[in-house]
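The values are calculated or read from the model by the stated rules, or taken from the named source; none is laboratory data. Since we're looking at a predicted model, the values are computed, not measured. Please note: Cβ atoms are built from the backbone with ideal geometry, for glycine as well, and neighbour counts cover all protein chains shown. We work out accessible area using only protein heavy atoms, side chains counted, and drop any ligands, DNA or RNA first. Shrake-Rupley method; radii C 1.70, N 1.55, O 1.52, S 1.80 Å.
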Amino acid sequence: MTELRTDDFDYHLPPELIAQTPVEPRDASRLLVIHRDSGQLEHRRFREIGEFLRPGDLLIANDSRVLPGRLFARKPTGGRVELLLLRELPDGRWESLARPANRLHPGQLLLFDNGGVDTAEVGERTESGAIALRFTVPASEILARHGHVPLPPYIKAPLGDPERYQTVYGRVAGSAAAPTAGLHFTPALMEALAERGVGFGFVTLHVGLDTFRPVQAERVADHQMHAELVVVPDQTAAAIRAARAAGGRIVAVGTTAVRSLESWAAAGGEGGWSGWTRLFIYPGYVFRAVDALITNFHLPRSTLLMLVSAFASRALMRRAYDEAIAREYRFFSFGDATLIL
């Protein structure tokens, strides 16, 4: 295969196609169905997705919830600092993005807006270039008193209901951003799919730093993914085995579900499993666990666009994105969805 370059995954998106608000209801979003075998593209609504699923198919979704991890603090000198918590480190500190980061140094104290009772001490840089923070009280208290649900920087409109940036089935708090493919599901749609014989299972992968960092390497193969913890419960592993035995397809809801399942398969793919993954999926990767994929439209030059290009093909995904842009689909977190069969 010709050496892949990051700019092979670039494209121009008119700014007005970046969705600023979610549609109502959730399943009213548009759905671009991409058939890998024929190359056919179908334009539907997400609520019609059951027409493309069969009894015995199993949807696997990421049940992570977004932390209210956007915090505003100030330095003792009065300077304002914006923080985005990414994950808790083994020693109890929290890895965080900070703005402005270049003006923070180890040992510096950050104050939150309750008279200085709640504070955080700045530590050294982490492997990823973020900072490590140690709070004076449990992080759960800091988040409850001062936290805001973070939105991606390309969303400028305020969000009226923070729950619209959560999936209806999310239950394990820990993500810095939503697993957005699942935002289109409603309880009624999930119930309707169950009545058609389509099952649901869950994995957990907390969305982290790679969501916010574009690929900087010129060669795709030179990009390094950050480690993320994956949990595949025993119940989910058993459901996958049963679906496979009955001839059903495994349909990943989102790229985080893909990476979770493929990491589990690489570890043996038997019972339940948890472990750290740095799996980077790009064209040339051979899928072992996923038969179909539900996902949103992804940013140019992103690892997520590389993943879907590996699942379909670069040429087919380029044609699908060109078609979506021509038909004015809504892009990114609050945007429309694709179903890749």
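Any idea which of (1) in a helix (DSSP H, G or I); (2) charged (D, E, K, R); (3) open to solvent by 60 Å² or more (accessible area, probe 1.4 Å); (4) in contact (Cβ under 8 Å) with a residue 40 or more places away in the chain is the one Glu3 doesn't satisfy?
(1)
Examine segment 167-190 for a residue that is within 30 Å of Trp273 (Cβ to Cβ), open to solvent by 30 Å² or more (accessible area, probe 1.4 Å) and not hydrophobic (A, V, I, L, M, F, W, C), and state whether such a residue exists.
yes
Return a yes/no flag: does segment 18-26 have any residue that is touching a strand residue (DSSP E or B) at 6+ places or on another chain (Cβ under 6 Å) and either open to solvent by less than 30 Å² (accessible area, probe 1.4 Å) or over 23 Å from Pro214 (Cα atoms) (or both).
The answer is no; no qualifying residue exists.
Could you tell me which residue of segment 61-82 is nearest to Leu229 (Cα to Cα), considering only residues that are among the β-branched types (Val, Ile, Thr) and crowded, with 16+ Cβ neighbours inside 10 Å?
So the residue we want is Val66.
State which residue pairs qualify: first residue under 28 Å from Pro214 (Cβ atoms) and among the hydroxyl-bearing types (Ser, Thr, Tyr) and inside segment 126-150, second residue open to solvent by less than 20 Å² (accessible area, probe 1.4 Å) and modelled with pLDDT of 90 or more in any location, beta carbons under 6 Å apart, and separation of 6 or more residues or different chains.
Thr126/Glu95; Thr126/Ala132
Do you know which residues across segment 263-289 are part of a loop (DSSP other than H, G, I, E, B), of a type in the set (A, V, I, L, M) and surrounded by 13 or more Cβ atoms within 10 Å (Cβ to Cβ)?
Passing the criteria: Ala267, Leu279, Ile281, Ala289.
Does Ile49 satisfy the condition of being touching a strand residue (DSSP E or B) at 6+ places or on another chain (Cβ under 7 Å), assigned to a helix (DSSP H, G or I) and either open to solvent by 40 Å² or more (accessible area, probe 1.4 Å) or of a type outside the set (Lys, Arg) (or both)?
Taking the combined requirement at face value, the residue satisfies it.
Can you tell which of Val231, Val215 is at pLDDT 95 or above and aliphatic (A, V, I, L, M)?
Every option except Val231 fails the conditions.
How many residues are touching a strand residue (DSSP E or B) at 6+ places or on another chain (Cβ under 8 Å) and not hydroxyl-bearing (Ser, Thr, Tyr) if we restrict to segment 251-277?
14
Of all residues in segment 114-144, count the ones that are crowded, with 16+ Cβ neighbours inside 10 Å, over 16 Å from Ala101 (Cα atoms) and touching an Asp or Glu at 6+ places or on another chain (Cβ under 9 Å).
4
So in segment 290-339, with the set limited to residues that are β-branched (Val, Ile, Thr) and surrounded by fewer than 22 Cβ atoms within 10 Å (Cβ to Cβ), which one is nearest to the chain's Cα centre (by Cα)?
Per the stated criteria, the residue is Val290.
Got a sec? Which of Thr204, Thr236 is outside any helix (DSSP H, G or I), among the hydroxyl-bearing types (Ser, Thr, Tyr) and open to solvent by less than 50 Å² (accessible area, probe 1.4 Å)?
Answer to the selection: Thr204.
Starting from residues that are in a strand (DSSP E or B) and of a type in the set (A, V, I, L, M), keep the ones in segment 52-80 and report whichever is farthest from the chain's Cα centre (by Cα).
That would be Ala73.
Please go through (1) open to solvent by 20 Å² or more (accessible area, probe 1.4 Å); (2) in contact with a helix residue (DSSP H, G or I) (Cβ under 6 Å, 6 or more places away or on another chain); (3) of a type in the set (Val, Ile, Thr) for Val230 and return the number of the only condition it doesn't satisfy.
(1)
Which is over 29 Å from Leu143 (Cα atoms) and open to solvent by 50 Å² or more (accessible area, probe 1.4 Å), of Arg249, Arg213, Arg244?
Arg244
Please find, among Leu110, Leu58, the residue that is without any contact (Cβ under 8 Å) to a residue 40 or more places away in the chain and surrounded by 14 or more Cβ atoms within 10 Å (Cβ to Cβ).
It is Leu110.
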